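Just so it is clear, none of the values below were taken in a lab; they were calculated from the coordinates. Please read all numbers here as calculations on a predicted model, not as lab measurements. Quick reminder, even Gly has a Cβ in these numbers, built from the backbone with ideal geometry, and neighbours come from all protein chains shown.
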Amino acid sequence: MPGTERITLSEAARRAGVSTATLSRWADEKVVPVKKGQWTAATAAQARVVARMRDRGHSLEELKMAGKDGRLAFGFAEDAFADRSPAVPIGQAVDRTGLSESTIARIMVILGTPAGRELTLSELDVGALERLASVADAGLPIEAVMQLARVYAQAVRRIADAEVRLFHLFVHEPMIRDGLGAIEMAEEMNELVESAAPITLPLFEYLHGRYVRYSIEQDVVGHMEDEFAGESEIDHIRITLCFIDLTGFTRFTAEEGDAEAFSAIERFTEAVEATLPPEAGIVKSIGDEVMVVSPDPVSLAEWAVGFIAFFRDRPRPRVGIHYGKAVFRDGDYFGGEVNLTHRVVNRAQGGEVLVTATVAEALSDHEDLELRGIGQAQLKGFPEPIPLYLASVRD
């Protein structure tokens, strides 16, 4: 098992980024646990965490207690994903990828390298750049490649963050409570990481294929409907935009506490995910607010009215829906009509579904839903009043 691999003191010091003298002192003071003078990959990884925490101003006594509790044992899991591939000069990367140095710098900023930092690349970095360059060579404009890289980076960063946090909550913390030793904990976590890692790429490939198939179908249908309607603005998509959030959430958090507020958001978001019509999808969720899009205003309005009736928890949700045009970029939707939809939901009360005239027109002959005009609303940022309608189940 790699976590128990015996390594020399000098190799452990290299991995931790400190001198052998410093590492020996940490071992003598039991800041870093070493069994019978034998250094392993797991203990070297923990030493690297200690070095990082020292750089942030934490005392050795603090770190000794944290190490004793096993709170530094996560270091090996991080070490398992370390990039140890050789460095590649930027000029060589330009030659291999065919991308300009400025384009490579822009892509690396998207992937998380802060602007202004000296650009250093590894073999793994260049391999990823070569894959992106091959997409550009196949005919996708470089600006579209940039957007693709940004969407991937944002999505995978969120996945990685969830993996680490869930691993900490459901694996690391229980081990700490059970009183496992630091080295045993690091080695056991390594074994779990090694077991889980092989499923990641196949699972990603499965999900990617599943959602690409769905997105292709929705895109074909949407563009055909635009053409049938005589609309051909290539940079705009006609889509149903929906925002749904929880009313009085700030007050609810103050009254019930952060833990209960977080549970309320989880229940709310899971309920939205579980009940959406097949053609609809969540674009993003920010706190207690979820943005949903769909090619069909009718089915989304039906869902919203049903959801409001079904979801009876506090705080109560409210919905705003508009059917209009939006600019699609970086996996998100932008433009004045998106802003309009957001203003609409802010005018709704808890338990209400407010829709604009374009949605009301699509629902005009609906057998099960009725619309009640509430007049012309003056929405912030829009010079002209906007007619709004309250959608509900027909009596």
Exercise for the section: Taking 7 Å along the Cα-to-C-beta vector as the label spot, tell me the Phe310-Lys36 distance in nanometres, rounded to one decimal. Expected result: 6.0 nm
Exercise for the section: Using a 10 Å cut-off on Cβ atoms, rank the peptides 315-325, 36-46, 356-366, 274-284 from the highest mean neighbour count down. Expected result: 315-325, 36-46, 356-366, 274-284
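Hey, with R₀ at 56 Å, roughly what FRET efficiency would Thr200 and Ile374 work out to, going by the Cβ-Cβ distance, to 0.05? Could you put the intermediate results ahead of the total?
Numbers: r = 49 Å, r/R0 = 0.88.
Plugging the Cβ-Cβ distance into 1/(1 + (r/R0)^6) gives 0.70.
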Practice task
Please name which of Thr240, Gly381, Val338 has its Cα lying farthest along the dipole of the stretch 237-393 towards the positive end, using unit charges on Cβ (Lys, Arg +1; Asp, Glu -1) and the Cα centre as origin.
Solution key: Gly381
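Rounding to the nearest 20 debye, state how big the charge dipole of the stretch 87-158 is about its Cα centre with +1 on each Lys and Arg Cβ and -1 on each Asp and Glu Cβ.
Details: 7 positive and 8 negative charges, 77 e Å.
For the stretch 87-158, the charge dipole is close to 380 debye.
So for the stretch 280-395, Kirkwood radius off the Cα pairs, Stokes-Einstein at 37 °C and 0.692 mPa s: how many µm² s⁻¹? Don't jump to the answer; show the numbers that get you there.
Numbers: Rh = 14.6 Å.
Here the translational diffusion coefficient equals 225 µm²/s.
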Exercise for the section: Restricting things to alpha carbons, tell me how big the stretch 331-373 is in terms of Rg and Dmax, in Å. Expected result: 12.3, 35
Problem - Potential extension, Asp365-Asp95 segment - 0.36 nm per residue separation minus Cα distance - result: 91.0 nm
Problem - lysines whose Cα lies under 26 Å from that of Lys380, excluding same-chain neighbours fewer than 8 positions away - result: Lys284, Lys325
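Mind checking the alpha-carbon convex hull of the stretch 87-158 and giving the volume per residue in Å³?
Numbers: hull volume 6.0 nm³, N = 72.
Expressed per residue, the convex hull around the Cα atoms of the stretch 87-158 is 84 Å³.
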